[in-house]
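The values are calculated or read from the model by the stated rules, or taken from the named source; none is laboratory data. Bear in mind that the values here come from a model prediction, so they are computed numbers and not experimental data. Please note: Cβ atoms are built from the backbone with ideal geometry, for glycine as well, and neighbour counts cover all protein chains shown.
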Amino acid sequence: MSKGNINVSVENIFPLIKKFLYSDHEIFLRELISNATDATTKLKHLISIGEAKVEYGNPQIEIKINKDTNTLHIIDQGLGMTAEEVEKYINQIAFSGAEEFLEKYKDDKNETGVIGHFGLGFYSAFMVADKVEIITKSFKDEKAAHWTCDGSPEYTLVEHDKSDRGTEIVLHIAEDSKEFLEDHKITGLLTKYNRFNQIPIKFGTKEESLPLPEDAAEDATPEKVTVDNIINNTNPAWTKKPSDLEDEDYKNFYRELYPMQFEESLFHIHLNVDYPFNLTGILYFPKLSQNLDMQKDKIQLYQNQVFVTDNVEGIVPDFLQMLKGVIDSPDIPLNVSRSYLQADGAVKKISGYITKKVADKLSSLFKNNREDFEAKWNDIKVIIEYGMLSEEKFFDKAKKFALYPSVEDKFYTFEELKEKTKDAQTDKDGNHIILYAANKDAQHSYIQDAKAKGYEVLLLDSPIVSHLMQKLETTEEKVKFTRVDADHIDNLIKKDDTVISKLSDEEKEQLKPMIEENVPKETYTVQLEAMDSDASPFLITVPEFMRRMKEMSATGGGGMMGMGNLPEM
Ligand code: ADP
Ligand code: MG
């Protein structure tokens, strides 16, 4: 028997740990399962290079609850530890790692930016347990070791008669953490963090019906068998090669990821890079859905198939946070604050890579099947327009595939639009005027009028398109967007065959002052020349700049906004 003092300088760091991670006690299970997974994959590696001469078998990780003893058990069949290794890896390394961590972050406790999901490793067991045991037998065929620590810096280390290889961690669950002895709580955690774990995880057993034999009677009941309840899929789609996957596989994975989501996605993007950083994943463009639950389905960040967080702020560019799916990278530093994350070089590269992949995918969809792309436009436009406004690089690429639908549902790229309208729609200063409506019904008569004059009218009704128009006006030479009900539509150089008002000059003379009396002159312009429709003998227009001013003040000065508060139009 050996007894010892864990060499830590902070007098007693256990209570500190407990307090420090107050909101995130649950991650202890993820940490211990990660260690069990590491121990198993390390053994596999040692066998493959001939350093361990044992059978690998079909190792599992088992989670067990014992309500009689108030204990939770995490059992693996990995490489195990000798007594010396326990001294070294647990007493020295694990503990010094935790101490260093606390030293570094103890003042950040209240910084909202600290990711709540970092790992403290083995040490996090003490967030929920007041006593922890390690019973472990190394593959090196030595005696098993039994380490016990009751939450003070003192520990004991004795021999144990465990005969099979691997490690069992026993947590004596503390009074205030009894919830972790409930099946449904543990099931919830396993599903949240470990449903794609690399090594199978067993939690209890379940009944399964055997398939009925072909000649079974109609009322035959299938035979039931008891099988291990394996909670995870060890080979999720994103870990596979894109060339090994069919469209159907991607669809199935979407369903697997979001079982409560019944709407299919529009398309997917498989991410796969190993230089200069490691990143795999699958992103999905969702159908814009009324279903509010959809908002809860976020992109999930994994590290080596272990869930870390679904807050990917800073890692995935803002405009892509409405996408769904998974990214997995060992290269994203987790135990750091958000502000640090945003400045981190690797993370910036990751964000840039994701943007590029998304742009490339959209571009190839546009080129390969324009019809399909147009059909999806309504669902994806907000994301693309937002991206064009917030990321210069994305803007440059998206300019070639972003679409501008006409009121008659024809879709133009910006270049096509310019080409189409360049002859008919210039004003006397040589500005290229692009006409649009924001609402087909409300602006119906203006649209009719413009069409009658041979102009092309776009239907731009997405909530942020007005910001995009402004951007295009500043980046494109002599391009101006004008709403159909704006006054300077009349400044356009008219073609000869435009329809002329049905009113005689005399009628106009009489009518104009009558209308002007009733509408405020400083905000509206009355036009009598332009109309051809019997239903609308005259037009009241708003100067374009006036309307935009109003819109801008309604949307907070027109600055770029977070996805959460898109302006309403
Ligand atoms: P990390 O996993 O980051 O190395 P931990 O504090 O989680 O830090 O674990 C410390 C060390 O303890 C591990 O590196 C490993 O050597 C050892 N260890 C922990 N759990 C196990 C286990 N289940 N089997 C074998 N070794 C383990
Ligand atoms: Mg660990």
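Taking segment 132-202 as the region of interest, the strands (runs of 3 or more DSSP E) fully inside it that hold 1 or more residues being in contact with a Lys or Arg (Cβ under 6 Å, 6 or more places away or on another chain) and either farther than 26 Å from residue 232 by Cα or within 16 Å of ligand 2 (Cβ to nearest atom) (or both) are 144-149, 154-160.
One residue alone among 422, 440 is surrounded by fewer than 16 Cβ atoms within 10 Å (Cβ to Cβ), more than 14 Å from residue 476 (Cβ to Cβ) and charged (D, E, K, R), and that residue is 440. Among the residues here, residue 257 qualifies as in contact (Cβ under 8 Å) with a residue 40 or more places away in the chain and in contact with a Pro (Cβ under 9 Å, 6 or more places away or on another chain).
When residues in segment 505-528 are screened for being hydrophobic (A, V, I, L, M, F, W, C), at pLDDT below 70 and touching a Leu at 6+ places or on another chain (Cβ under 9 Å), 2 of them pass. The residue that is modelled with the lowest pLDDT, counting only those in segment 60-118 that are among the basic types (Lys, Arg) and either assigned to a loop (DSSP other than H, G, I, E, B) or away from ligand 1 (no atom under 16 Å from the Cβ) (or both), is 109. The number of residues in segment 358-381 that are modelled with pLDDT of 95 or more and either among the hydroxyl-bearing types (Ser, Thr, Tyr) or under 14 Å from residue 319 (Cβ atoms) (or both) comes to 5.
Listed by first and then second residue, the pairs with beta-carbon distance under 6 Å, at least 6 apart or on different chains, first residue in segment 29-41 and of a type in the set (Lys, Arg), second more than 6 Å from ligand 1 (Cβ to nearest atom), are 30/193.
Could you list, in sequence order, the residues of segment 432-473 that are in a loop (DSSP other than H, G, I, E, B), more than 28 Å from residue 391 (Cβ to Cβ) and touching a residue at least 40 places away in the same chain (Cβ under 8 Å)? Listed by number, the residues that qualify are 443, 453, 454, 456.
Among the numbered conditions (1) closer than 15 Å to residue 198 by Cα; (2) surrounded by 15 or more Cβ atoms within 10 Å (Cβ to Cβ), the only one that residue 87 does not meet is (1).
For segment 55-81, a residue qualifies if it is over 12 Å from residue 172 (Cβ atoms) and among the aliphatic types (A, V, I, L, M), and the qualifying residues are 61, 63, 65, 74, 75, 79, 81.
Beta carbons closer than 9 Å, at least 6 apart along the sequence or on distinct chains, pair a first residue in segment 133-160 that is on the phi > 0 side of the Ramachandran plot with a second that is of a type outside the set (A, V, I, L, M) and modelled with pLDDT of 90 or more for 141/165; 151/130; 151/131.
Residue-wise test of (1) modelled with pLDDT of 90 or more; (2) within 16 Å of ligand 1 (Cβ to nearest atom); (3) in a helix (DSSP H, G or I).
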position: 11; (1), (2), (3): no, no, no
position: 14; (1), (2), (3): no, yes, yes
position: 17; (1), (2), (3): no, yes, yes
position: 30; (1), (2), (3): yes, yes, yes
position: 33; (1), (2), (3): yes, yes, yes
position: 38; (1), (2), (3): yes, yes, yes
position: 41; (1), (2), (3): yes, yes, yes
position: 45; (1), (2), (3): yes, yes, yes
position: 50; (1), (2), (3): yes, no, no
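Across segment 37-93, the qualifying residues are those that are among the charged types (D, E, K, R) and within 26 Å of residue 189 (Cβ to Cβ), and the one among them that is nearest to ligand 2 (Cβ to nearest atom) is 38. Screening the candidates 464, 384 for the property of being under 23 Å from residue 323 (Cβ atoms) and modelled with pLDDT of 90 or more yields one hit, 384. Among the residues making up segment 397-428, a single one is free of Cβ contacts under 8 Å to residues at least 12 places away in the same chain and farther than 30 Å from residue 368 by Cβ: 423. Residues in segment 44-69 that are farther than 26 Å from residue 192 by Cα and surrounded by 18 or more Cβ atoms within 10 Å (Cβ to Cβ): 52 only.
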